[in-house]
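Taking it in order: structure first as structure tokens, then the write-up.
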Amino acid sequence: MAIYRHMTHVSQKEVSEKWLRKIEELSVSLLAAPKSLRVRKTLVNELLTDTERIMLGKRIALIAMLNAGFSSYAIMKRLCISFSTFTRFAKMLDGGGYEHVLAEIKKLQEQEVFWENIEKFSRAGLPPLAGNVLRPSLLNKRKKP
């Protein structure tokens, strides 16, 4: 399967705040409603482009890796992100942002497959570089003061 990486398109036409709230509520309700993971995956695949899914996945992986203490170098290299993206997320996280995302990530980390999934995502399906599964204890961690 070819993955096309195009910029996501956002219309220049403004939508009222009222409609934006309704659209957001509908979107969240639609994605949260199905009990089946398979159905939720299907909905995400039908609604989001490859680029949008990659962007969302990178954000989640970046927050998880920052929280786990990975070094800036390891994160930027593994996720192929810029320093400015890394810095923006690190500042937000250091300022107490992403608390709900972190709570859900912590629940997922209790499952053995969490870091394996991050590894697969960061490699875009390619085999491991050195045979090691990506885990916080195996990569260069960023020093926390």
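Taken together, 43, 48, 31 contain a single residue that is among the hydrophobic types (A, V, I, L, M, F, W, C) and closer than 20 Å to residue 108 by Cα, which is 31. Among the residues in the stretch 6-18, are any outside any loop (DSSP other than H, G, I, E, B) and either surrounded by fewer than 10 Cβ atoms within 10 Å (Cβ to Cβ) or on the phi < 0 side of the Ramachandran plot (or both)? Yes: the stretch 6-18 contains one or more residues that are outside any loop (DSSP other than H, G, I, E, B) and either surrounded by fewer than 10 Cβ atoms within 10 Å (Cβ to Cβ) or on the phi < 0 side of the Ramachandran plot (or both).
Summed over the stretch 31-71, the residues that are at positive phi and assigned to a helix (DSSP H, G or I) give a count of 0. One residue stands out in the stretch 20-40 among those that are within 23 Å of residue 98 (Cβ to Cβ) and basic (Lys, Arg): the one that is surrounded by the fewest Cβ atoms within 10 Å (Cβ to Cβ), namely 21. Among the residues of this structure, residue 81 counts as one that is at pLDDT 70 or above and not in a helix (DSSP H, G or I).
The residue pairs whose first member lies in the stretch 70-82 and is under 13 Å from residue 57 (Cα atoms), whose second member is surrounded by fewer than 20 Cβ atoms within 10 Å (Cβ to Cβ) and of a type in the set (D, E, K, R), and whose beta carbons are closer than 7 Å, counting only pairs six or more residues apart or on different chains, are 79/58; 81/58. For the stretch 51-80, filtering for residues that are in contact with a Ser or Thr (Cβ under 7 Å, 6 or more places away or on another chain) and either surrounded by 16 or more Cβ atoms within 10 Å (Cβ to Cβ) or within 18 Å of residue 109 (Cα to Cα) (or both) leaves 3.
The values are calculated or read from the model by the stated rules, or taken from the named source; none is laboratory data. Remember, it's a predicted structure, so these values are computed and weren't measured experimentally. Please note: Cβ atoms are built from the backbone with ideal geometry, for glycine as well, and neighbour counts cover all protein chains shown.
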